[in-house]
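Worksheet: one structure, shown below.
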Amino acid sequence: MNQCNSKNGVFPDDVMVQILARLPIKSLFRIKCVCKLWYKLTSEEYFTRLFNDVSVRNPMLLVEVNESLSESRSSLILVHNIRGVSEFLLDFIKDRVRVRASCNGLLCCSSIPDKGVYYVCNPMTRQYKLLPRSRERPITRFYPDGEATLVGLACNLSTGKYNVVLAGHHRPFGHRPERTFICLVFDSESNKWRKSVSLQDDHFTHMNRNQVVSINGALHWLTASCSCVLVLDLDSDIWRKILLPEEVNRGSGNRIYLLESDGRLSMIQISDVWMNIFIMEDYSREEWHMVDRVSLRCIRGMVPGIFPICQTGEYVFLATHKQVLVYQRNSQVWKEMYSVKNNATLPLWFSAHAFRSTILSC
């Protein structure tokens, strides 16, 4: 194979690299054994960067499904716009865990039986890291149930560095005021936690805790009141707020969700008959623009229980109690991608995250 070239019917190396970079990771690992040339091409740093760049432009929906209360481990379903549905387990982590955050191919998981224990893993390469225990003992510090209200994961593909954020209100005892907000940030380079304290009045629903967006070196959460986006700058550990678009109607029957779209902050508003998609065109100036207005009349009966999970400029993934739908923005076509066959213990949207398949060590 090394002696072949395009004249003899074999693609040149640069074309093969472009093709291989679009394979699923499992297929990629298999083809490494085909020949020395493919092993060499897929082992180079350039290929890793190319593979990750391609994957970032094609997000998937990841959902944790537990179809019976007796099951000790839930299964994870990956839904791809073109490849369809695949299933995998987190059984390589020797613990029962649940997914708390997702960023650029890595997952942050918390232990179910042991509060305060966190892992970061790449489910595609089946690598994981047990994070060191924080001196703050989160099980006794966070209010109200001992676990962090906000869990965030930020991963830089170019450097391989990642941060895990645990934040929440301090338990109302001792001399600290109830508004005291504790923030712990794990740095993968130093393998240590750092702590900051601020005052916060904001509260969060399950859905806006789940939809944390990592862009521009910061983590973003939508507040429960939908009045603003709470932002944590990971370089300075300073919290600030971003206002939502003025044209957003926060009246009864309107729901708002925070997502990412092709590397930019996005917000989706859902009413009875419309889905409005906003993009922050200028992050420094906090300028929002509505980029799409989608009629929901053809799925009107499902609208009250539908939740957007991830999107690109071409499509939007949404989850209901038992289904995963995709809306193709160009063709304006709705399609069911996945449906739970049996009774699930929790609605799918309750444990759904945006996901990307990347080659990254944790």
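The values are calculated or read from the model by the stated rules, or taken from the named source; none is laboratory data. Given the structure is predicted, the values throughout are model-derived calculations rather than measurements. Cβ sites come from the backbone with ideal geometry, for glycine too, and all protein chains shown count toward neighbours. In case anyone asks, the SASA skips ligands and DNA or RNA and just uses the protein heavy atoms, side chains included. Shrake-Rupley method; radii C 1.70, N 1.55, O 1.52, S 1.80 Å.
What's the extension gain from PHE350 to SER111 if we count 0.36 nm per residue and subtract their Cα-Cα distance?
Full-extension gain reported as 84.3 nm.
Which pairs, out of LYS36/LYS94; LYS115/LYS322; LYS94/LYS195; LYS94/LYS335; LYS26/LYS322, put more than 31 Å between their alpha-carbon atoms?
Going by Cα-Cα distance, LYS36/LYS94; LYS94/LYS335 fall outside the 31 Å limit.
Please give the length that would be gained between ASP272 and GLU247 if that part of the chain were fully extended, namely 0.36 nm times their separation in residues minus their C-alpha to C-alpha distance (nm, one decimal).
My answer for the length gained is 7.3 nm.
I need the Kirkwood Rh of the chain: take the reciprocal of the average 1/r across all distinct C-alpha pairs and report it in angstrom.
21.8
With a point put 7 Å past each Cα toward its Cβ, work out how far ASP13 is from HIS203 in nm, to one decimal.
With each label point 7 Å from Cα toward Cβ, the separation is 6.1 nm.
When you take every Cα atom in the stretch 219-290, what is the radius of gyration, and what is Dmax, the widest Cα pair distance, in Å?
Calculated on Cα positions, Rg and Dmax stand at 12.4, 42 Å.
Whose amide H sits under 5 Å from the amide H of GLN127, counting only residues 5 or more places off or on another chain, with H placed in the peptide plane?
Hits under the 5 Å cutoff: ASN122.
Could you give me the ³J(HN,Hα) list for the stretch 32-48, computed from phi with Karplus coefficients 6.51, -1.76, 1.60 and θ = phi - 60°, whole Hz, x at Gly and Pro?
4, 8, 5, 7, 5, 4, 5, 4, 5, 4, 7, 9, 7, 4, 4, 5, 4
Could you tell me the distance between the Cα centroids of the stretch 192-222 and the stretch 308-361, to the nearest Å?
23
Can you list the residues, at least 5 places off or on another chain, whose amide H is less than 5 Å from the amide H of LEU265, using H built in the peptide plane?
Under 5 Å from the amide H of LEU265: MET280.
Under the rule a/c < 1.5 gives rounded, and otherwise a/b versus b/c splits prolate from oblate, where does the stretch 317-362 land using the Cα gyration tensor?
In terms of gyration-tensor shape, oblate.
Taking amide hydrogens as modeled 1.01 Å from N in the peptide plane, which residues meet the under 5 Å criterion relative to MET337, leaving out close sequence neighbours?
VAL324, LEU325, VAL326
Ignoring ligands, DNA and RNA, what accessible area per residue does the chain give at 1.4 Å, in Å²?
48
Leaving out ligands, DNA and RNA, what percent of the accessible area of the chain is carbon and sulfur, probe 1.4 Å?
Carbon and sulfur: 49 percent of the exposed surface of the chain.
Hey, if we sort TRP221, TRP239 by accessible area with the 1.4 Å probe, largest down, what's the order?
Greatest to least solvent exposure: TRP239, TRP221.
Name the aspartates and glutamates eligible as straight-distance cross-link partners of LYS32: C-alpha to C-alpha under 13 Å, and not fewer than 8 places from it in the same chain.
Within the straight-line cut-off, LYS32 pairs with GLU44.
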